[in-house]
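Colleague: Please see the structure below; I have some questions.
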Amino acid sequence: METTDINSFDELVEFLKSNDLTVKQTIQIIAEGLKVHFYFGDYKTKEELIDALEVFWDKWGDQECKPIFGDLGSIDVVE
């Protein structure tokens, strides 16, 4: 695969959609590019992962302070 410059979220999503990537490769690219981690086992297809990424981005965008785990949702603490 050749090197591609990605300069925006939209370019990232387009790159993910237009390349033949596994879910694992997609997660690695997201983690490196956005410093956001998604759990590999939760996604059966690249499309499911991209949908989750878009939901995360709609909520947090490029805010400096955002969760590093994109798919945890809320965590209930049981005493």
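Colleague: Given (1) free of Cβ contacts under 8 Å to residues at least 12 places away in the same chain; (2) surrounded by 14 or more Cβ atoms within 10 Å (Cβ to Cβ); (3) within 10 Å of the chain's Cα centre (by Cα), identify the lone condition not met by Gln25.
Modeller: Gln25 satisfies all of (1) free of Cβ contacts under 8 Å to residues at least 12 places away in the same chain; (2) surrounded by 14 or more Cβ atoms within 10 Å (Cβ to Cβ); (3) within 10 Å of the chain's Cα centre (by Cα) except (3).
Colleague: Being more than 9 Å from the chain's Cα centre (by Cα), at pLDDT below 90, among the aliphatic types (A, V, I, L, M) and surrounded by 13 or more Cβ atoms within 10 Å (Cβ to Cβ) narrows it down to one residue among Ile6, Ile75, Ile68; which is it? Please lay out each step first, then the result.
Modeller: Numbers: Ile75 fails: surrounded by 13 or more Cβ atoms within 10 Å (Cβ to Cβ); Ile68 fails: surrounded by 13 or more Cβ atoms within 10 Å (Cβ to Cβ).
Just a single option satisfies the conditions, and that option is Ile6.
Colleague: Which of the residues that make up the stretch 35-65 are surrounded by 12 or more Cβ atoms within 10 Å (Cβ to Cβ), touching a residue at least 24 places away in the same chain (Cβ under 8 Å) and not in a helix (DSSP H, G or I)?
Modeller: Passing the criteria: Val36, His37, Phe38, Tyr39.
Colleague: Scan the stretch 21-51 for residues that are at pLDDT 85 or above, touching a helix residue (DSSP H, G or I) at 6+ places or on another chain (Cβ under 9 Å) and of a type in the set (Asp, Glu) and report the count.
Modeller: So the answer is 2.
The values are calculated or read from the model by the stated rules, or taken from the named source; none is laboratory data. As the structure is a prediction and not an experimental result, all values here were calculated from the model. Positions of Cβ are generated from backbone atoms using ideal geometry, with glycine treated the same way; all protein chains shown enter the neighbour counts.
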